[in-house]
Amino acid sequence: MKITKPEMIIFDYGRTLLCEPDWNSDRGNAELMKYIINNPKNCTLDDVLAETKEVFGEIEKVRKTFGYDISARVGNRLAFEHLDIEFSLTPLEREITFWTAASPGAIMPYADEMIDYLNKKEIRTAVVSNNVWSGEAIKDRFDRLLPDNRFEFVLSSSDYMLRKPDKRLFEIALNKAGLTADKVWYCGDNFENDVIGANGAGIFPVFYDYTTEGKGTFAEFDFLHIYHWRELIEVMENLK
């Protein structure tokens with residue numbers, strides 16, 4: 001397999017660059033309750049948990065049945081306006097407040113080291129993620145946990161309805177980058193969504209197999225199979 005140095009590397013988000021240990025959605029909703037400014041029905045946290053469980057259960061059915069994403073922002077709007085609850089926060093602030101309380105997030109091993117390396121080598125970077133959170137909220141999280149990132153854009157599936165492996169998300173990313181597919185790599189931890197999806201758009205895929213469960217994975221096209229981010233640095237160092 002002969003590979004050439006990319007002008008840009010686009011990354012997945014979850015379990016690729018960042019992860020969400022100790023996730024607890026109840027904790028996120030409890031934090032949101034602190035910012036209520038109008039609650040005429042005197043809804044309790046239990047009322048909120050029941051309502052959001054129902055709404056996001058419906059959203060998950062749409063995702064599994066049709067392969068489309070509905071944003072958390074829309075889900076929250078439906079749930080809280082149905083309860084007649086108002087907040088002092090903007091929709092983006094509500095996303096960030098809930099998400100940070102549910103899990104403040106953490107960096108995948110060596111992801112910060114790898115991003116610093118790409119910055120030093122002037123390799124452009126960006127993100128395309130299957131996610132219920134908006135691109136704005138994801139970018140905020142990256143800026144907090146990977147403050148030296150230079151991501152030119154962060155695309156979230158829920159901002160576009162479509163989910164990877166739909167090639168249109170990758171093609172939108174190429175449009176934003178102003179690059180042809182042969183100048184770009186895409187890195188992610190999900191073989192179908194990330195590897196097959198990127199290849200379908202003509203982008204060279206990198207399978208970030210942090211679990212090592214993909215050993216022996218085969219495809220009828222070339223892709224790079226790595227197990228940690230320092231390995232990507234080693235590959236890049238050997239490219240001309």
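Laboratory data are not the source of any read-out in this text; all were calculated from the coordinates shown. Quantities reported herein were computed from a predicted structural model and do not represent experimental measurements. Ideal geometry is used to build each Cβ from the backbone, glycine not excepted, and the neighbour counts take in all protein chains shown.
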Can you pull out the residues in segment 14-62 that are of a type in the set (Lys, Arg) and touching a residue at least 40 places away in the same chain (Cβ under 8 Å)?
Arg15, Arg27, Lys41
Just to verify a result, which residue in segment 122-177, among those that are among the hydroxyl-bearing types (Ser, Thr, Tyr) and closer than 19 Å to Met8 by Cα, is surrounded by the fewest Cβ atoms within 10 Å (Cβ to Cβ)?
Thr125
Quickly run through segment 147-179 and pick out the residues that are touching a Leu at 6+ places or on another chain (Cβ under 7 Å) and not basic (Lys, Arg).
Leu155, Ser157, Tyr160, Leu162, Leu169, Ile172, Ala173
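This table checks each residue for (1) closer than 17 Å to Leu17 by Cα; (2) charged (D, E, K, R); (3) free of Cβ contacts under 8 Å to residues at least 60 places away in the same chain; (4) crowded, with 18+ Cβ neighbours inside 10 Å.
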| residue | (1), (2), (3), (4) |
| --- | --- |
| Asn76 | no, no, yes, yes |
| Glu95 | no, yes, yes, yes |
| Ala106 | yes, no, no, no |
| Met114 | yes, no, no, yes |
Any idea how many residues of segment 112-150 are out of contact with any Gly (no Cβ under 8 Å at 6 or more places or on another chain), part of a helix (DSSP H, G or I), farther than 27 Å from Arg168 by Cβ and of a type outside the set (D, E, K, R)?
3
